[in-house]
Amino acid sequence: MTLASLGFDDFFASQLARLDAAWVPARVVAEGQSSFHVAGCCAPLADLAGRLRKTRDELGRPVVGDWVAVLDGADRASIQQVLERRTTLLRRAAGTMREPQVVAANVDVFFVVTTANRDFNERRLERYVTAVWNSGAQPVVVLNKIDLDVDLDPLLEAIARAALGVPLVRASAATGAGLDELRSHIRPGRTVGFVGSSGVGKSSLTNRLLGRDVQAVAGLRNDDRGRHTTSARELFELEGGGMLIDTPGMRELGLLEDAGGLDATFPDVLGAAERCRFRDCSHDGEPGCAVAAAIAAGELPAERLASYHKLLREIAAAERARNPLLASRTKARWKATQRAMRARAKLDAKLERD
């Protein structure tokens, strides 16, 4: 594999040029117990240099997909620095409110996989699409298992609502349907990744694209919910060019921050909000709320607004957990907002009487 085929370009080369001339680039393709599998340098394995080994910053440690500067060797290299990531898919570490976990780094396109069975969830799809937009990558929704005997029309309508403007691929890992359309999003030097819940068929699609069985697969439980099969992330080279990361199924994808993902996922909510009477309208009972009017007119599903508010609250809670001072300021701002809303309600009532 050449550096270019691995995805090394000017974005990473310009960073490497500012570092020690003895360091060379490598890409992390898998994480081991105490070392990393790397590609692009002579050594197949790499260990962390002392500074990185001692760091407590989990975001600063290498993950699959990262480009790193290494001091190369015949058998083992030493990772000196993690290069700035072009994209970073983050989630809240399970069981925490504020600890971040990097799912994958430097992925250009994420295939958000869902299924044509009872496990399909419109709200979950909105969450995944928001996380991918926040990462800086392009989302592509993949409706897998279309070979099942189900009515696809309601699912397609739900996907259209949850992922406005996002490309959709209808696929079947069992029959091979949709594989050519998936490949149309892949090209030399580009990295794609699969994300989704357990059992949606990410590993089966990975095996199909690679043309060989590299990931274990398992059937569904009796309730159509998936079983964990992929337990670790790994970067694969695709025939014809491009790199692929398969990620383990996630039972929860907690959001930590918003980098424009909410706006990209909910343009219908934001579009209606532009017509609200007040700029700081929270769409929660204020007078002159155009979002509420759109819901009443049947132009916007109430579930969309509820989902938007839920994700917004989740992100705000995570930010407060990381910053106690922000929490106190948020409480004060909330009290001021409530006072302003009561004052507006009184003013509107007075104007109506007059």
Take the Cα of Arg98, step 7 Å along the line toward its Cβ, and report every residue of the stretch 248-281 whose backbone nitrogen sits under 15 Å from that point.
256-257
Placing +1 at every Lys and Arg Cβ and -1 at every Asp and Glu Cβ, with all other atoms neutral, what dipole size does the chain have around its Cα centre, in debye to the nearest 20?
1600 debye
Averaged per residue, what accessible area in Å² does the stretch 1-109 show with a 1.4 Å probe, protein chains only?
49 Å²
Suppose we keep just the DSSP beta bridges with both residues in the chain; what percent of those would be antiparallel, to 5?
55 percent
Cα-based Lys proximity count in the chain, under 20 Å, for pairs eight or more positions apart or on separate chains:
4
If I fit a long axis through the Cα atoms of helix 324-353 and take the longest principal axis of the Cα atoms of the chain, what angle between them do I get, 0 to 90°, rounded to 10?
30 degrees
How would His37, His185 rank on accessible area, largest to smallest, probe 1.4 Å?
His37, His185
If you average over every viewing direction, what projected area does the convex hull of the Cα atoms of the stretch 1-126 give, in nm²?
10.1 nm²
Which angle from 0 to 90°, rounded to the nearest 10, does the C-alpha axis of helix 302-322 make with the longest principal axis of the chain?
60 degrees
With every protein chain kept in place and a 1.4 Å probe, the stretch 235-308 has an accessible area per residue in Å² of 46 Å²
Pop out the carbon and sulfur fraction of the accessible area of the stretch 12-169 as a percent, whole number, probe 1.4 Å.
49 percent
Kindly give Rg over Rh for the stretch 37-101, based on alpha-carbon atoms, with the Kirkwood expression for the hydrodynamic radius.
1.02
Check: the stretch 1-77 dipole with +1 on Lys, Arg Cβ and -1 on Asp, Glu Cβ, in debye:
260 debye
Options Val24, Pro100, Leu6, ranked by Cα towards positive dipole end of the stretch 1-119, top entry (Cβ charges):
Pro100
Tell me the angle of helix 152-162 to the major Cα principal axis of the chain, expressed in degrees between 0 and 90 and rounded to the nearest ten.
80 degrees
What FRET efficiency comes out for Ala306 versus Leu148 if R0 is 41 angstrom and r is the Cβ-Cβ distance? Round to the nearest 0.05.
0.90
Of (1) 21.3; (2) 19.0; (3) 17.6, which is the value of mean projected area of the Cα convex hull in nm² derived from the coordinates here?
(1)
Highest to lowest packing among 232-244, 138-150, scored as the average C-beta count within 10 Å:
138-150, 232-244
Where does the stretch 99-169 land on Rg/Rh, using Cα atoms and the Kirkwood Rh?
0.99
Under the Cβ-under-4.7 Å rule, which cysteines of the chain stay unpaired?
Cys41, Cys42, Cys289
What is the local net charge at Arg18, summed over the other residues whose Cβ is closer than 15 Å to its Cβ (Lys, Arg +1; Asp, Glu -1)?
-3
Roughly what would the spin-label model give for Asp10 and Ala74, points 7 Å off Cα along C-beta, in nm?
3.9 nm
Need one word for the stretch 129-183: rounded, prolate or oblate. Basis is the Cα gyration tensor (sqrt eigenvalues a ≥ b ≥ c); a/c below 1.5 gives rounded, then a/b vs b/c decides.
oblate
Send over a whole-number figure in Å² for the accessible area per residue of the stretch 168-216, probe 1.4 Å.
40 Å²
From phi via Karplus (6.51, -1.76, 1.60), per-residue ³J(HN,Hα) for the stretch 18-25 in Hz, x at Gly/Pro
8, 9, 4, 5, 7, 8, 10, x
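The values are calculated or read from the model by the stated rules, or taken from the named source; none is laboratory data. Keep in mind the model is a prediction, meaning the values are calculated, not measured. Positions of Cβ are backbone-derived with ideal geometry, glycine not excepted, and every protein chain shown enters the neighbour counts. Only protein heavy atoms, including side chains, enter the accessible area calculation; ligands, DNA and RNA are left aside. Shrake-Rupley method; radii C 1.70, N 1.55, O 1.52, S 1.80 Å.
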